[in-house]
Amino acid sequence: MLTPEENDLLTRVEGDAPMGRMMRRYWIAACLTEEIPEPDCDPVRVRLFGEDLVAFRDSEGRVGLIDEACPHRRASLFYGRNEECGLRCLYHGWKIDVEGNVTDMPSEPANSEFAGKVKQKAYPVKEWGGFIWTYMGEAEHMPEFVPPHFAPTENTNVSTFKVHVDCNWAQGLEGAIDSAHSSSLHSTDMPPASVGRSTATGTSWQRPSTDKAPRLVVQSTNYGFQYAAVRRPIRNSDSHDYVRLTHFIAPHHVAIPPNDVYNVAQMNVPVDDTHHNLYIIAWSETGGVDQEVWRKFTGMQLGIDLDPEYKKIKKRGDNYGQDRAAMRVGKNFTGIKGFPNQDIAMWETMMPVAERWREKLGASDLAVVEFRSRMVEAIKAFVAGAAPPQLDSNQRTSVRAFEGIVPKSTDWRTLGGAEQTRDAAAE
């Protein structure tokens, strides 16, 4: 159980908060590529770690991520004109390029050298896997960009959605590593069935187990930890186990057990102390799922479930559109459309920042406890001068989640097909 002080250490990301400073040492998803799809398109607001930024694609297709406030009089550049390789402030016409240079100052004398003395904050960016990535830490610590585990190659089929969530990032991430909740909260979308493995039907993910109380085993790794949720399968339960292997990859990635059509990953990217952006990715190197099919299945379609800024149309104020009539007749366990919306309803009702010291944790919370202890330990070590936990370049393309029915004699650590560097086990 965390103390209030440790809870703050884990969750707070704004300003000089240690967690925010540590997260800035990673390449972070700033927005989706689809948000700035073409040269000179509309700029978009980006808020990360409590910092207000603007992303835009210039006339040559280059992407910029700069401080939203104009360096002149601090008016918002979001409303600026995206033209001629820069974002031009409406107030006095100053134009800023993707590197933060002021390239035009029409309000200043023609012979002024003032422009060369002004520099706008601009962060480096990289496009990959349908995302615009950025590094917001100190330049001397900037690591080489390495493709994320869910997009190991440029040809990987990546489908994703984005949604703004009104709570702290950590309680969202804890949902991704909490295997037990899916048997209840997602029982309509992930029903038990007599199948050989998790099977995607287009309307559900069928699972070969009715076991709602998985046995969890955890092992620490250099990048976070991996854990197995072991359940009784519907068939051959005397000789076999149903195993779901999940990886937590610091600081906020989770490799979720796949189904028979695609792999699944999740990111909970901090907007500020009390909000974050949730991305859940369906990906495959050989098949996969269409992006709009994915968004329809998850209840995350723009213009239907989300507004143009990726914010939920059905929110806590209207009970997330919960249909209690459907609940009563057994049509839907939660009455809430889409498993991510079911998760969000639980996360947001825990308060903007969950009071973890008030919880009563059980055996099914082993992975949640491991996440908290690993991250608090990592933050304290970071403050003392240690490097943040990190995948190396080989691991980023080899870490794989796993799910399937295996003989009871199987060592779960051998599942997933990855070769990881591991610390001492925590089992």
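The values are calculated or read from the model by the stated rules, or taken from the named source; none is laboratory data. Note that the structure is predicted; figures quoted are calculated from it, not measured. FYI the Cβ positions are ideal-geometry reconstructions off the backbone, even for glycines, and counts take in every protein chain you see. Heads up: the accessible areas ignore ligands, DNA and RNA and are worked out on the full protein's heavy atoms, side chains in. Shrake-Rupley method; radii C 1.70, N 1.55, O 1.52, S 1.80 Å.
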Condition check for PRO308: modelled with pLDDT of 95 or more and surrounded by 20 or more Cβ atoms within 10 Å (Cβ to Cβ): no
When segment 234-249 is checked residue by residue, the ones that are open to solvent by 10 Å² or more (accessible area, probe 1.4 Å) and either in contact with a strand residue (DSSP E or B) (Cβ under 8 Å, 6 or more places away or on another chain) or modelled with pLDDT under 95 (or both) are ILE234, ARG235, ASN236, SER239, HIS240, ASP241, ARG244
Could you list, ordered by first residue, the pairs with Cβ atoms under 7 Å in which the first is in segment 352-379 and aromatic (Phe, Trp, Tyr) and surrounded by 14 or more Cβ atoms within 10 Å (Cβ to Cβ) and the second is at pLDDT 95 or above and assigned to a loop (DSSP other than H, G, I, E, B), at least 6 apart or interchain? PHE371/ILE177
Look at segment 351-377 and say how many of its residues are more than 19 Å from the chain's Cα centre (by Cα), of a type in the set (A, V, I, L, M, F, W, C) and assigned to a loop (DSSP other than H, G, I, E, B). 2
For residues that are of a type in the set (Val, Ile, Thr) and crowded, with 18+ Cβ neighbours inside 10 Å, scanning just segment 322-341, find the one that is farthest from LEU32 (Cα to Cα). THR334
When you go through TYR123, TYR91 one by one, which is the residue that is aromatic (Phe, Trp, Tyr) and open to solvent by less than 60 Å² (accessible area, probe 1.4 Å)? TYR123
Can you list residue pairs whose Cβ atoms sit under 6 Å apart, with the first residue in segment 274-293 being small (Gly, Ala, Ser) and the second being assigned to a strand (DSSP E or B) and open to solvent by 50 Å² or more (accessible area, probe 1.4 Å)? Count only pairs 6 or more apart in sequence or on different chains. SER284/ASN157; GLY288/ASN157
Failed item in (1) open to solvent by 20 Å² or more (accessible area, probe 1.4 Å); (2) assigned to a helix (DSSP H, G or I); (3) closer than 28 Å to THR188 by Cβ; (4) in contact (Cβ under 8 Å) with a residue 24 or more places away in the chain, with ILE344 passing the rest: (1)
Search result, residues across segment 234-249 that are within 23 Å of MET375 (Cα to Cα) and not β-branched (Val, Ile, Thr): ARG244, LEU245, HIS247, PHE248
Hits in segment 80-111 - residues which are modelled with pLDDT of 95 or more, of a type in the set (S, T, N, Q) and part of a loop (DSSP other than H, G, I, E, B): none
Pairs needed: first member in segment 97-108, more than 14 Å from GLY64 (Cα to Cα); second member anywhere, open to solvent by 50 Å² or more (accessible area, probe 1.4 Å) and of a type outside the set (A, V, I, L, M); C-beta distance under 7 Å; at least 6 residues apart or different chains. MET105/PHE114; SER107/HIS92; GLU108/PHE114
Within segment 314-321, is even one residue touching a residue at least 40 places away in the same chain (Cβ under 8 Å), surrounded by fewer than 19 Cβ atoms within 10 Å (Cβ to Cβ), in a loop (DSSP other than H, G, I, E, B) and out of contact with any Cys (no Cβ under 6 Å at 6 or more places or on another chain)? yes
